[in-house]
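Okay, so here's the structure we're looking at.
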């Protein structure tokens, strides 16, 4: 099972529940430069994640930081970019030996804070390793095994990730004709299409 090849758009691991937007909270992660330090930004979040994974002996070549952030040519997010209107979720995939790992966080309203939360989680797990809890650590990591990325709304509808509202509606109508229970489909397929259309239209607002 391999980590997703693309860091963009967000590849949220299958089976991991998303945090409803109204449940997300503000975090207090800072840039670490004193009492008057400002909020952490994307570049700092990226660096923290890579630093913690290096401490585990993970090669950066195996690391994929997946989100809705614009990417540099090396596949990592640009350090400074506007994130206010982006899905704040972040999923980090990497290879540990022959095992695939993943941690995904979306509990905070700021994307950079979710990156910092992932780094903080890795740091806490490294503390377990430092104190001789290798078996405990390995068991904990079983909860972070990378699962196949779920279908995104645009994959369900068969359109591009940047499809317009009109293209989304057209694709939905076409697929609905095939999946509607009255035409030989079933309720599960129709519910899947309805959710994909709703997610797509929300992404265009």
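The values are calculated or read from the model by the stated rules, or taken from the named source; none is laboratory data. This structure is a prediction, so every number in the text was calculated from the model and none was measured. Cβ coordinates were reconstructed from backbone atoms using ideal geometry, including for glycine residues, and neighbour counts include every protein chain displayed.
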Residue check: is residue 171 modelled with pLDDT of 80 or more and not in a helix (DSSP H, G or I)?
no
Inspect segment 101-113 for any residue being in the same structural domain as residue 53 (by TED's automatic domain parsing) and modelled with pLDDT under 80 and give the result as yes or no.
no
From the list 22, 94, which one is outside any loop (DSSP other than H, G, I, E, B) and either at pLDDT below 85 or under 25 Å from residue 199 (Cβ atoms) (or both)?
22
Among the candidates 193, 157, single out the residue that is farther than 19 Å from residue 18 by Cα and either modelled with pLDDT under 80 or touching a helix residue (DSSP H, G or I) at 6+ places or on another chain (Cβ under 6 Å) (or both).
157
Residues (more than 20 Å from residue 126 (Cα to Cα) and either in contact with a helix residue (DSSP H, G or I) (Cβ under 8 Å, 6 or more places away or on another chain) or at pLDDT 85 or above (or both)) located in segment 34-60:
39, 40, 41, 42, 43
Output the residue which, of all residues in segment 42-71 that are part of a loop (DSSP other than H, G, I, E, B) and buried (at least 18 other Cβ atoms within 10 Å of the Cβ), is farthest from the chain's Cα centre (by Cα).
58
For residue 74, indicate whether it is in the same structural domain as residue 119 (by TED's automatic domain parsing), modelled with pLDDT under 90 and either in contact with a helix residue (DSSP H, G or I) (Cβ under 9 Å, 6 or more places away or on another chain) or in a loop (DSSP other than H, G, I, E, B) (or both).
yes
